[in-house]
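A short write-up of the structure that comes next.
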Amino acid sequence: MSNRLVLSALAAVALTFGLASAQNSLSIATGGTGGTYYPTGGAYAELINNYIDGYTAAAESTGASVANSGFIARGESDIALALADTVLQAYTGTGNFGGEGEPPQLPNLRALGVAYANTVHLVTLAGSGIESLADLEGKRVSVGAPGSGTEVSAQSILEANGITYDDIDEQRLNFNETAAALRDGDIDAGFWSVGPPTSSILDLATTRDIEIVSIEGEELENGLGASEVFAPVTLPAGTYTGVDEDVSTIGTPNVILVAAEMDEQLAYDFLDVLYTNIDEVIAVHPSANNTTPELSLAASPIPFHPGAVRYFEDNGYEVPADLMPPN
């Protein structure tokens, strides 16, 4: 055999081996490091790395829900976590996605499932005098990071109660920045929409006496009317140091978001390893106790990916007609 043929044969073997051993890299868009998305996304990445052949994954810290919806639609991320109200706006081209000069409707978004429900935390320091949403008028208030689902939820709840940014000194801070600003007296209150307990509030409560303001009565009813995905929830006493009574507030599901273009078998396999090994995610953050097929089927705001539909049906679940992917 000539040297040229030998080299060609070796090249073919090397190419075949390279293709067989190649790993597809997946990006998981999360949120700030002081919230729940980031550790949850990290746990998802570990499941992919450990259990799905041919793929590796890494969690990326991002501006959260609004940004994540765009990343998925544009193919810049493969899996994301995003609040249901933001996802619904993105899918339908409303709210933050519908105005002049704003991002358009993102019809290629699909759900793999629902991870857990976020709880709106309105946090202030003890003695601030803030006991309701109405008390925020004229105050310095963090409404969440730019492009975050926290800001979408906070603005919706405030506006439903007749409070606009003209009535407050709004600050667009991420979770860690909000906690630091409260600690240092640079703001009067801050919103989190996050799975409890979250590290940034836990840390703040170790250095300052905090209060979490209840949203109740007419303010609660108004807030719930702002989005079809909102639901009343109770933050149990003792979740954070110094919070000794139950807190009435608003909850929002978190969607495990992908694009319609995702490989169907990958979508199926991800759900399989997620639900089979959910204890590994719970060990990272207790919010994953709520990561169930039942929650996904009851709370997804947009249609499922075909791989998710096949997974649920293979495991004996009926997928509602309005959550079937469009043709």
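Please work out which one of (1) outside any loop (DSSP other than H, G, I, E, B); (2) in contact with an Asp or Glu (Cβ under 7 Å, 6 or more places away or on another chain); (3) within 15 Å of Ile215 (Cβ to Cβ) is the condition Val152 fails and give its number. It fails just one condition, (3). Contact map, the range 302-317: first residue in contact (Cβ under 8 Å) with a residue 40 or more places away in the chain and surrounded by fewer than 22 Cβ atoms within 10 Å (Cβ to Cβ), second residue charged (D, E, K, R) and part of a helix (DSSP H, G or I), Cβ cut-off under 6 Å, separation 6 or more or different chains; pairs are Pro306/Glu264.
On the basis of being within 16 Å of Thr252 (Cα to Cα), at pLDDT 95 or above and aliphatic (A, V, I, L, M), does Ala179 make the cut? Criteria not met by Ala179. Among residues of the range 210-239 that are without any contact (Cβ under 8 Å) to a residue 24 or more places away in the chain and surrounded by 15 or more Cβ atoms within 10 Å (Cβ to Cβ), none has a beta-carbon under 9 Å from a residue that is of a type in the set (Val, Ile, Thr) and outside any loop (DSSP other than H, G, I, E, B) at least six positions away or on a different chain.
If the requirement is being more than 23 Å from Asn222 (Cβ to Cβ) and assigned to a helix (DSSP H, G or I), which of these qualifies: Ala45, Ala145?
Sole residue among the options that is more than 23 Å from Asn222 (Cβ to Cβ) and assigned to a helix (DSSP H, G or I): Ala45.
The values are calculated or read from the model by the stated rules, or taken from the named source; none is laboratory data. Since the model is a prediction, treat every value here as computed from it, not as a measurement. Virtual Cβ from ideal backbone geometry, glycine too; neighbours counted across all protein chains shown.
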